[in-house]
Amino acid sequence: MSTFESFKSLSRAMFLGFRRDRTALFFTVLFPLMFLVVFGGIFGHQTTSKVKVLEVGPSVVLDQAVAHGDLAKVMKVTKTSDRADALRKVEKGDADAVIEQHGPELVVHYSAADQVKSGTVRGLMDSLVQSANLAATGKPPAYKVTNQQVEDDSLKAIQFFTPSLLGWALASAGVFGASQTLVTWRTKGILRRLQLSPAPIPTVFAARVAVSLAVALVQFALFVLVAQLPMFGLQLGGSWWMAIPMVLSGVLAFLAIGMLIGAWAKTQETAQAVTQLVVLPMAFLGGSFFPLDDAPTWLKGLSYIFPLRYLNDGMLNVMGRGLGPMSALPQIGVLLGVAVVGTLIAMRLFRWDAA
């Protein structure tokens, strides 16, 4: 039997085995898809919420901005005469800031508990005061600022959740599948039997990789089709097809990490524990469950240790942000680098027997 025939037979046998394993099928394909449905249904059409501001007494600067500008798009202003109650609401988190004006002074009361919302209010107020100062001089300002959003207005939360949850699904399936398969084959003596079989060992592992890549493409297609349903409304960018090589590169990287764990671990329990220690932090710090744009600088820096961050960013760039195909090349390069390094280390640690 030729090498190609061996590869084709092994690939078919492994794929049929995967398809018949209902537990593996559920946790690899359906379980991540359930997360997409839940997250998409709850958050899919949400955009950034307005900041809630309580205005105590008249404020000429704020009132004019609300009446003549676009401030209402980003800020909800509610007038109140009860200053003490307004301040309590800010302390409790029911409002983001209290604004009051005393002559030329505009006072912003905010809570340090929410740095994002309070920073937004203070930035807006600084801008309003500067504009008011320029207007008070009676001279037109020499410069003006034009703000343009880099993303399309249709960029909803579903644009983030689709690639990020898909990345988590691929990472979990790749690392868990490779590590558990390798340890199981070793502890049950399958590796030794494969060593004595006519099929070359590289062909066996190539078939395993081919099945993983095929399953990943099926996952990708299912995620995109479900997310594009009218109830979710995913809108793909022009270069969305670049997500396909991103997916394949990511799967290779995660398989390499799984093989490294499987080559090192002596038992299935050890492999499962180490895999959990790798996959769970990678999912949270890789940006699969929440955006890292507002995370502390040190946390964003730490997230780039994990290959999942590169997969998520690359797919988001081409699927959600509408960036060109070249934007995915750096992430693909990193993922392929992880795949090569992980495979080389796994080969050094590889052993045929459990002992």
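Below, the figures for the structure above:
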| item | result |
| --- | --- |
| Cα shape, the range 236-287, gyration tensor, a/c 1.5 rule | oblate |
| Relative contact order (percent, whole number), the range 186-312, Cα cutoff 8 Å, 6+ residue spacing | 19 percent |
| Bins of 10 Å from zero: percent of alpha-carbon pairs in the range 261-355 | 15, 36, 32, 15, 4, 0 |
| Sequence-separation-based contact order of the range 164-250, relative, with Cα cut under 8 Å and 6+ spacing, percent | 37 percent |
| For peptides 205-217, 304-316, sequence by mean Cβ density within 10 Å, most packed first | 304-316, 205-217 |
| Relative packing of 327-335, 76-84, 185-193, which averages over residues the other C-beta atoms within 10 Å, highest first | 327-335, 185-193, 76-84 |
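No value in this document is a laboratory result; all are computed from the given coordinates. Fair warning: this is a prediction, and the values are worked out from it, not measured in the lab. Methodologically, a virtual Cβ is constructed for each residue, glycine included, from the backbone with ideal geometry; neighbour enumeration extends over all protein chains shown.
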